[in-house]
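The values are calculated or read from the model by the stated rules, or taken from the named source; none is laboratory data. Quick caveat, the model's predicted, so the values are computed rather than measured. Virtual Cβ from ideal backbone geometry, glycine too; neighbours counted across all protein chains shown. In case anyone asks, the SASA skips ligands and DNA or RNA and just uses the protein heavy atoms, side chains included. Shrake-Rupley method; radii C 1.70, N 1.55, O 1.52, S 1.80 Å.
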Amino acid sequence: WVNADGKPNTIATRNPLGLLSLTDDKSTVNRSIGNMQLDYKFHFLPELHANLNVGYDISKSDGNKLIPALAASNFSNGGEKTVYTQDRSNKLLDFYFNYVKDLNKDTRLDLTAGYSYQDFLNTTTSITKDAGETKIINDSPYKTQNTLVSFFGRANLNLQDRYLLTFTLRRDGSSRFAKENRWGTFPSAAFAWKINEMEFLKNSDVLSDLKLRLGYGVTGQQDVGQNFAYLARYTPSTATAQQQLGNTFYTTLRAEGYNANIKWEQTVTQNVGLDFAFKKARLSGSIDYYRKETTDLLNVVPIAAGTNLTNEILSNVGSIENKGLEMLLNYNAVSKEDFTLDLGFNATYNENKITKLTSA
């Protein structure tokens, strides 16, 4: 039972034999959050800005849990006391340059290039002793760190407010993968054509909006929840898997299974869309068709017994195809100074297909 203000909590339960179990649990939590943002405009080049965003989230917690010797749940062990601590820190740094320039009355250029750093650190200790605090029953220190580094760039080009082009490129590195597979490159491109801004439709009494959109992009996935899946490592045995020598049970170190070849999961997305709006009918909407293909899918899968010191391992397994159609309609039924009524309708068709189920 966790109590953030540090006051003791006593939990009482009654087992089928009628014996009372008492657990005394105390804990405290301290947290610190900070954020700083800077935007600097260069005087010699006013179109260029430098942006800095720094943030941190630090928390420290500690507590203890006492199960008395008379507690039914631990009567055979003579009670126990657990002391635990946890330190967590999340750090963020984003720095980028942004350049916006009107090249002429019909052309606008917007460029961005930057760097991003994120670090997540978690240190936990938990020591369990007997009620007299003379014997260590379990000592489980634990530390994890996950770091993500990114370099990115983006270019936007607006031509006559009719043709909009965007290109982005990311280079991401994750500490969850080995050095050979740590980095992934993820490009994307998009194009939009405002057809209603063309001369033959600019003064139309029927259409107020008509835009065609095309897009293509690659994204990566590394948030698998396992920080050391690629490393050969040893971990302490559990309380039920200790080695007995005489009357003493010793915690051992056991080799864990690992996969040094895991890498970024990638999803390629393609889409085409059409936005429209009719003036007199007060009707607007959009139609989109999309297709996504995920390859090198990250998943925990069973493996043959005796092949990798474990029954399951994180691997890049299989691929999935996802495609569908989305339609959205909005109708402005009533529009007055003191009352407005809008009606919306949407429909979606989606199809998922597993195209591959093995890593071979």
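Note on residue 253 and residue 274: with the Förster distance fixed at 56 Å, the Cβ-Cβ geometry gives a FRET efficiency of about 0.35. With protein chains left intact and a 1.4 Å probe, residues in the chain average 64 Å² of accessible area per residue.
Compared with the direct C-alpha span, the chain from residue 207 to residue 166 gains 12.2 nm at full extension, assuming 0.36 nm per residue. Taking the accessible area of the chain, probe 1.4 Å, and keeping the other protein chains in place, the carbon and sulfur fraction comes to 56%. Between residue 88 and residue 190, the simple label model (points 7 Å from Cα in the Cβ direction) yields a spacing of 3.2 nm. For GluC sites (Glu not before Pro), the sites in segment 276-360 that DSSP calls loop and that have at most 12 other Cβ atoms within 10 Å are 337.
Out of every Cα-Cα pair that segment 278-324 contains, those further apart than 18 angstrom amount to 59 percent. Taken over the alpha carbons of segment 130-248 as equal point scatterers, the Debye sum produces base-10 log I(q)/I(0) values at 0.10, 0.17 Å⁻¹ of -0.62, -0.96. Given their separation in residues at 0.36 nm each and the Cα-Cα distance between them, residue 145 and residue 28 gain 39.8 nm when the chain is fully extended.
Packing order of peptides 98-105, 123-130, highest average first: 123-130, 98-105 (average count of other Cβ atoms within 10 Å over each peptide's residues). So for segment 231-339, considering every pair of alpha-carbon atoms, how many percent are separated by more than 19 Å? That tail contains 71 percent of the Cα-Cα pairs.
Entry for segment 37-121 at q = 0.20, 0.21 Å⁻¹: log10 I(q)/I(0) = -0.94, -0.98, Debye formula applied to identical alpha-carbon scatterers, no solvent contribution.
The chymotrypsin sites (Phe, Trp or Tyr not before Pro) of segment 100-192 include none that DSSP puts in a loop with a beta carbon having at most 11 other beta carbons within 10 Å. Over all pairs of different C-alpha atoms, segment 71-212 has a mean inverse distance whose reciprocal, the Kirkwood radius, equals 21.0 Å. Between residue 156 and residue 130, the modelled labels are 6.9 nm apart [label points 7 Å from Cα along Cα→Cβ]. Rounded to the nearest Hz, the phi-derived 3J(HN,Hα) couplings of segment 78-92 under the Karplus curve 6.51 cos²θ - 1.76 cosθ + 1.60 (θ = phi - 60°) are x, x, 7, 9, 10, 10, 9, 9, 8, 10, 10, 9, 10, 10, 9, where x marks glycine and proline. Rounded to the nearest angstrom and listed largest first, the equivalent-ellipsoid semi-axes of the chain from its Cα gyration tensor are 55, 27, 25. Sort segment 156-219 into rounded, prolate or oblate with this rule: let a ≥ b ≥ c be the square roots of the eigenvalues of the Cα gyration tensor; rounded if a/c is under 1.5, and if a/c is not under 1.5, prolate when a/b is larger than b/c, oblate otherwise. In terms of gyration-tensor shape, prolate.
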